[in-house]
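Reading through the structure tokens given below for one structure.
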Amino acid sequence: MTRSATLGEGIRFAFGTLTVLPVEVTRWDRAAARTGMLCAALPGLVAGLAAAAAGAVLLVCGASPLLAAVATVAVPAVLTRALHLDGLADVADGLGCGKPADDALRVMKRSDIGPFGVVTLVCVLLAQTAAVAQLYGRGWAEGAAAVTASAVAARVALTLASREGVPAARPEGLGAAVAGTVPRGAALGAGLAAVAVAAAAGALVGRVPLFAAGAVLGLGAGELLLRRCVRRFGGVTGDVFGAVAEAVGCGTLVVAALG
């Protein structure tokens, strides 16, 4: 029987697989994957704070909220080697190709991006940038709080997607390594924690109901996308994880900007 992974091993797994930070993954097994996915919010917190810091630097230097928003949206992409965005584009192509599941998975595995992927990427990046620019227009603090909350929610969506009962679509890859590793109760707890973090971030700027609603609706959108992908492809892949994270992050930001 595989021994349980320690918290440190799980954190290394989370940062080593979800960021470009030079973290050595000391274990690559189901136990480490379980703990790592339960720690997925930590890389999200780091990405959110780094993105907010980039926006702050530009705003202090006299940049417009729009320019600061562009830099803010770019930081998480850099920290993940744009793998989540690549996954979003691949899933859009897979869902839009209209082919059987096996053929759709092959479409997703190709290195090129099709028209569905391009349009989806453009729309999501524009929505994220517009939402952050609007939030920065109310003040850096509100934008920073929303960006951090959305980044945490986006990574917690990976925890939820790793829960028991969600199968892998392929026998190899990151999706297969983490699929079904997280107990359902722990996944639900992580989702509630993400909403609590969003509410706490909202409390800093007087937006508790709005930010909490953003996290709830964002995670709900991610869950709908996850279920659609499981039905369409027969399970999850690394691309599905990336697409779900981007959907949740975008949804959380857009709702936060509506206030």
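When only residues in the range 68-83 that are small (Gly, Ala, Ser) and assigned to a helix (DSSP H, G or I) count, which is farthest from Cys123 (Cα to Cα)?
If we filter the range 68-83 for residues that are small (Gly, Ala, Ser), which is where we start, we get 68-69, 71, 74, 77, 82.
Adding the requirement that they be assigned to a helix (DSSP H, G or I) leaves 68-69, 71, 74, 77.
Numbers: Ala68: 19, Ala69: 15, Ala71: 17, Ala74: 15, Ala77: 15 Å.
Ranking the qualifying residues of the range 68-83, first place goes to Ala68.
State all residues of the range 117-133 that are in contact with a helix residue (DSSP H, G or I) (Cβ under 6 Å, 6 or more places away or on another chain), farther than 15 Å from Pro76 by Cα and not aliphatic (A, V, I, L, M); if no residue qualifies, say none.
Gly117, Thr120
Please determine, by comparing only the residues of the range 89-99 that are surrounded by 13 or more Cβ atoms within 10 Å (Cβ to Cβ) and more than 21 Å from Val20 (Cα to Cα), which one is farthest from the chain's Cα centre (by Cα). I'd like the intermediate steps shown before the answer.
Initial filter on the range 89-99 (surrounded by 13 or more Cβ atoms within 10 Å (Cβ to Cβ)): 89-97.
Keeping just the survivors that are more than 21 Å from Val20 (Cα to Cα) gives 91-97.
Values: Val91: 14, Ala92: 16, Asp93: 19, Gly94: 19, Leu95: 19, Gly96: 21, Cys97: 24 Å.
Looking at residues that are surrounded by 13 or more Cβ atoms within 10 Å (Cβ to Cβ) and more than 21 Å from Val20 (Cα to Cα), I get Cys97.
Wholly within the range 145-257, which helices (runs of 4 or more DSSP H) include no fewer than the required count, namely at least 1 residues that are within 16 Å of Gly94 (Cβ to Cβ)?
Working: elements: 174-178, 184-204, 208-233, 238-257.
Of the helices (runs of 4 or more DSSP H) lying wholly inside the range 145-257, those with at least 1 residues that are within 16 Å of Gly94 (Cβ to Cβ) span 174-178, 208-233, 238-257.
Return a yes/no flag: does the range 48-71 have any residue that is closer than 24 Å to Cys229 by Cβ and either crowded, with 24+ Cβ neighbours inside 10 Å or small (Gly, Ala, Ser) (or both). Working first, answer last.
If we filter the range 48-71 for residues that are closer than 24 Å to Cys229 by Cβ, which is where we start, we get none.
No, there is no match, as no residue in the range 48-71 is closer than 24 Å to Cys229 by Cβ and either crowded, with 24+ Cβ neighbours inside 10 Å or small (Gly, Ala, Ser) (or both).
Go over the candidates Asp86, Asp102 one by one and state the one that is surrounded by fewer than 19 Cβ atoms within 10 Å (Cβ to Cβ), among the acidic types (Asp, Glu) and in a helix (DSSP H, G or I).
Of the residues listed, the single one that is surrounded by fewer than 19 Cβ atoms within 10 Å (Cβ to Cβ), among the acidic types (Asp, Glu) and in a helix (DSSP H, G or I) is Asp102.
Got at least one residue in the range 146-164 being more than 15 Å from the chain's Cα centre (by Cα) and surrounded by fewer than 24 Cβ atoms within 10 Å (Cβ to Cβ)? If you could, list the steps in order and put the result at the bottom.
At the first step, the residues of the range 146-164 found to be more than 15 Å from the chain's Cα centre (by Cα) are 163-164.
Cutting the leftovers down to surrounded by fewer than 24 Cβ atoms within 10 Å (Cβ to Cβ) gives us 163-164.
Yes; the residues of the range 146-164 include at least one that is more than 15 Å from the chain's Cα centre (by Cα) and surrounded by fewer than 24 Cβ atoms within 10 Å (Cβ to Cβ).
Every number here is computed from the coordinates shown, using simple stated rules; none is lab data. Quick caveat, the model's predicted, so the values are computed rather than measured. Neighbour counts are summed over all protein chains in view; Cβ atoms, including those assigned to glycine, are modelled from backbone coordinates with ideal geometry.
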